[in-house]
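Here's the structure we're looking at; comments come further down.
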Amino acid sequence: MHWEPADMPDQTGRTALVTGPSVGGLGYVTALELARKGARVILAGRSQEKVAAAADEVRRELPDAEVETLTVDLSRLDSVRRGAAEAARFGSIDLLVNNAGVMGTPYQRTDNGLELQMATNHFGPFLFTGLLLPQLVASADGRVVMVSSMFHKFAGRPPLGDPRQQVGHYRRWRVYGQSKLANLLYAGELDRRMATAGLPVKALAAHPGFAGTHLAANGQYGRSSGGVASILDAGIRAVSQSAASGAAPTLMAATADLPGDSFVGPSNLGQMQGPPRTVGRSRLAHDQVAAARLWEISEETVGLSYP
Ligand SMILES: NC(=O)c1ccc[n+]([C@@H]2O[C@H](COP(=O)([O-])OP(=O)(O)OC[C@H]3O[C@@H](n4cnc5c(N)ncnc54)[C@H](OP(=O)(O)O)[C@@H]3O)[C@@H](O)[C@H]2O)c1
């Protein structure tokens, strides 16, 4: 099945909330293309300035777009709770794209005692999605898309230990892989729980292959410009597919007629680039026992049980 963003059905009347919408990243393109098809888009990021800049860019390209903004730091559970409470004003939400993420960050614990990559990429989105669930259900046709990665294949094992304890040496790439495996386990478990509860929400996952964004520089240097960060950022862009191409799998997972728990990624060069299609996942990512255990750990960690 050949699919491209132009194939997206009309999104008029639908509301899409996209996390991590900073200009230059995948979330920005995702929101822009959904807005181009008529969706009301809610740009949700941790920096008020960057979110405002992204909203300005969308409005510059699409003057009639309906664009809303929300400030939420997904690595902080208190911020997620505040952001989700503020999001109540948007009413029903048809699509939640959990795109925001960090990669390969140096060892750091958040105020809640969680490792930064797991906090940002998994626990924050787990809490955010749970708190927004009533609004997704209210849409009567809700969809959640988790932006995972090929790195899920390097997880080694699922992250089922105590998330507030560091056991052994911190391996940043291994932990990134575990956070992206968590995205896949979560999408599957969420989809199953929605079906069991008879709730009208599907969960799917996507990965962008290798796309030229600020992810690598942000992760290594905490910024994407200045000195070595600029060099790394430019180097990544030179050898990868565009952010626009990288967002295509997310857009397909968000809008195509696909079953819940589908995983969408690029079709060429070992899934590094090319048009999107449904793809396979690692053996660990199929483990429903691990997915159920991760759900329990996540509920305990964020202090919210759902559905
Ligand atoms: N690019 C790739 O090749 C690639 C490959 C596989 C998977 N991915 C996944 O794609 C997703 C998007 O990444 P990207 O490539 O577009 O990277 P990016 O350019 O660095 O964008 C990441 C976005 O996430 C936001 N973010 C980071 N920490 C956050 C937090 N604590 N709270 C709220 N927002 C936060 C960033 O905000 P700031 O601008 O404020 O930092 C930015 O808007 C990530 O989940 C990543 O794991 C990307």
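Values quoted throughout were computed directly from the atomic coordinates according to the rules given, and no laboratory measurement underlies them. Not measured: the values here are computed from a predicted model. All Cβ positions, even for glycine, are placed from backbone atoms using ideal geometry, and neighbour counts span all protein chains on display.
Work out the charge dipole of the chain with +1 on the Cβ of Lys and Arg and -1 on the Cβ of Asp and Glu about the Cα centre, then indicate which of PHE123, ALA31, VAL41 is farthest towards its positive end. Sorting the options by dipole projection puts first PHE123. Listed by chain and number, the lysines placed with their C-alpha closer than 24 angstrom to that of LYS37 are LYS50, LYS202; residues fewer than eight positions away on the same chain are left out. Note on LYS153: lysines with a C-alpha under 16 Å away, same-chain residues under 8 apart excluded, are LYS180. Computed on region 179-304, with alpha-carbon pairs under 8 angstrom and 6+ residues apart, the relative contact order is 30 percent.
Computed over all pairs of different Cα atoms, the Kirkwood value for the hydrodynamic radius of region 1-45 is 10.8 Å. The simple Förster model, with R0 at 41 Å and r as the Cβ-Cβ distance, assigns ALA52 and HIS2 a FRET efficiency of 0.65. Across region 239-307, the relative contact order, built from alpha-carbon pairs under 8 Å that are at least six residues apart, equals 22 percent. Considering only PRO159, PRO200, PRO249, the Gaussian network model of the chain with Cα springs below 10 Å gives its largest mean-square fluctuation to PRO200. Remark: region 48-130 is approximated by an ellipsoid whose semi-axes, taken from the C-alpha gyration tensor as √(5λ), come to 26, 16, 11 Å, largest first.
Remark: relative contact order (the chain) = 19 percent; criterion is Cα-Cα distance under 8 angstrom and separation of 6 or more residues. Compactness of the chain, taken as the C-alpha radius of gyration over 2.2 N^0.38 Å, stands at 0.91. Charges were assigned to the Cβ only: +1 to each Lys and Arg, -1 to each Asp and Glu. The resulting dipole of the chain about its Cα centre is roughly 780 debye. The equivalent ellipsoid of region 55-193 has semi-axes of 28, 17, 15 Å, largest first, where each one is the square root of 5 times an eigenvalue of the Cα gyration tensor. Structure remark: mean-square fluctuation, Gaussian network model of the chain, C-alpha springs under 10 Å; the largest value among GLY91, GLY20, GLY124 belongs to GLY91.
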